[in-house]
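The values are calculated or read from the model by the stated rules, or taken from the named source; none is laboratory data. What you see is a predicted model, and the numbers here were worked out from it, not measured in a lab. So basically every Cβ, Gly included, is an ideal-geometry build from the backbone, and we count neighbours across all protein chains shown.
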Amino acid sequence: MELKWLEDFLTLAATRNFSRTAELRFMTQPAFSRRVKMLEEWVGVTLLDRNAQPIALTPAGERFRDIAEEVARQLYQGRDELRAAAEGLASTVKFVATHSLSLTFFPHWISASEKAGEVLKFRLDTGHANACVQMMLQGTSHFMLCHTHPSVDIGLDPKQFLVNRVGFDRLLPLSRRGADSGPLDSLDGASPHRCRYLAYAETSAIGRAVENLLRTSPAADRLERVFVSPLAGVLNSMVRDGRGLAWLPQSQVGRELESGELVRAGSSEWDLDVDITLFRPRARLPSSAEAFWEALTATSAMYEVQPAVLPESLEARAAI
């Protein structure tokens, strides 16, 4: 049995999709399927119900997922602790965050948190949501910071991980302002044209939340997907370039809204409120990480994204 087989299985358990998991594991689907089959042969029982849509874990698979998560986490955490001790970094608190939060939220939040509990050393890694989840499952980070929404399963079992909501954000449908001061691409049903839609990749948690929102709206049929990226910053640049509309975190677009460069592409009914959530393993962490968590939960330190202030001339447009 190889550790990568456990990682394959845990990723598949989170996505419930062979082709998507193979892509995330940088493998062809046939090669990935063979590795999963080898794991089942090693365990000696069937772990997956392949007839279910989407695929499901068997009762044995559910039990084995808990075991695999704990084994992988302990192996990676043990390795990292030994390396850190050898390098004199044992007191470093390790975070992983999605790209957008690492730029806009983390610096302010960690400064506020340090006032509650001193953190002398910390490390921040970044990635899309699925990559962050993988780092938590592997035990290579103590804490994960990402956007969450009730409609999206982030892929971390609550039996294995604790959560703390540390902030709020809001996804706004935005477009570049046109010559008439309105949006170049509008969700307004009166427009005869289809909207150019700049979408998040499936690896993005907020992207999955937006897709769930669109699935419940008949107006979504008017959207034509013309671009896909996992990064909110890339979508922001494309919107500012006039390439279409996208749902962007309010925490990233305050200046663009204030200057009038970007305007709403739809009314507030298209807004999507999301939480900013901190995850940690239920298993005990190194003392420095435990001290940080204790200080954070004791003070309930929250950092709320402030609403962007629109220029008075754009207030009416913002309420389309």
Could you go through segment 36-56 and let me know if any residue there is in contact with an Asp or Glu (Cβ under 7 Å, 6 or more places away or on another chain), assigned to a helix (DSSP H, G or I) and either closer than 26 Å to HIS128 by Cα or among the basic types (Lys, Arg) (or both). yes
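Please work out if ALA97 is assigned by TED's automatic domain parsing to the domain that holds THR140 and not basic (Lys, Arg).
Numbers: assigned by TED's automatic domain parsing to the domain that holds THR140: yes; not basic (Lys, Arg): yes.
It is true that ALA97 is assigned by TED's automatic domain parsing to the domain that holds THR140 and not basic (Lys, Arg).
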So the strands (runs of 3 or more DSSP E) completely within segment 124-233 holding 3 or more residues that are outside the structural domain of TRP109 (by TED's automatic domain parsing), free of Cβ contacts under 8 Å to residues at least 40 places away in the same chain and over 19 Å from ASP273 (Cβ atoms) are 223-229
What is the number of the single condition among (1) in a helix (DSSP H, G or I); (2) in contact with a helix residue (DSSP H, G or I) (Cβ under 7 Å, 6 or more places away or on another chain); (3) at pLDDT below 85; (4) not basic (Lys, Arg) that THR297 does not meet? (2)
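Of everything in segment 254-289 that's under 21 Å from ILE110 (Cα atoms) and modelled with pLDDT under 90, which residue is surrounded by the most Cβ atoms within 10 Å (Cβ to Cβ)? Steps first, answer last, please.
Going through segment 254-289, the residues under 21 Å from ILE110 (Cα atoms) turn out to be 254, 274-281, 285-289.
Keeping just the survivors that are modelled with pLDDT under 90 gives 254, 285-289.
On the way: GLY254: 16, LEU285: 20, PRO286: 19, SER287: 10, SER288: 20, ALA289: 22.
Applying the filter and picking the extreme gives ALA289.
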Meets criteria (buried (at least 19 other Cβ atoms within 10 Å of the Cβ) and not charged (D, E, K, R)) for ALA205: yes
Tell me yes or no: at least one residue of segment 26-36 is closer than 21 Å to LEU156 by Cα and either touching a helix residue (DSSP H, G or I) at 6+ places or on another chain (Cβ under 9 Å) or assigned by TED's automatic domain parsing to the domain that holds PRO286 (or both). yes
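Out of the residues in segment 55-94 that are hydroxyl-bearing (Ser, Thr, Tyr) and in contact with a strand residue (DSSP E or B) (Cβ under 9 Å, 6 or more places away or on another chain), state the one that is modelled with the highest pLDDT. Can you show your working first?
Initially, segment 55-94 is screened for residues hydroxyl-bearing (Ser, Thr, Tyr), giving 58, 76, 91-92.
From the residues that got through so far, the ones that are in contact with a strand residue (DSSP E or B) (Cβ under 9 Å, 6 or more places away or on another chain) too are 58, 92.
Values: THR58: 92, THR92: 84.
The residue in question is THR58.
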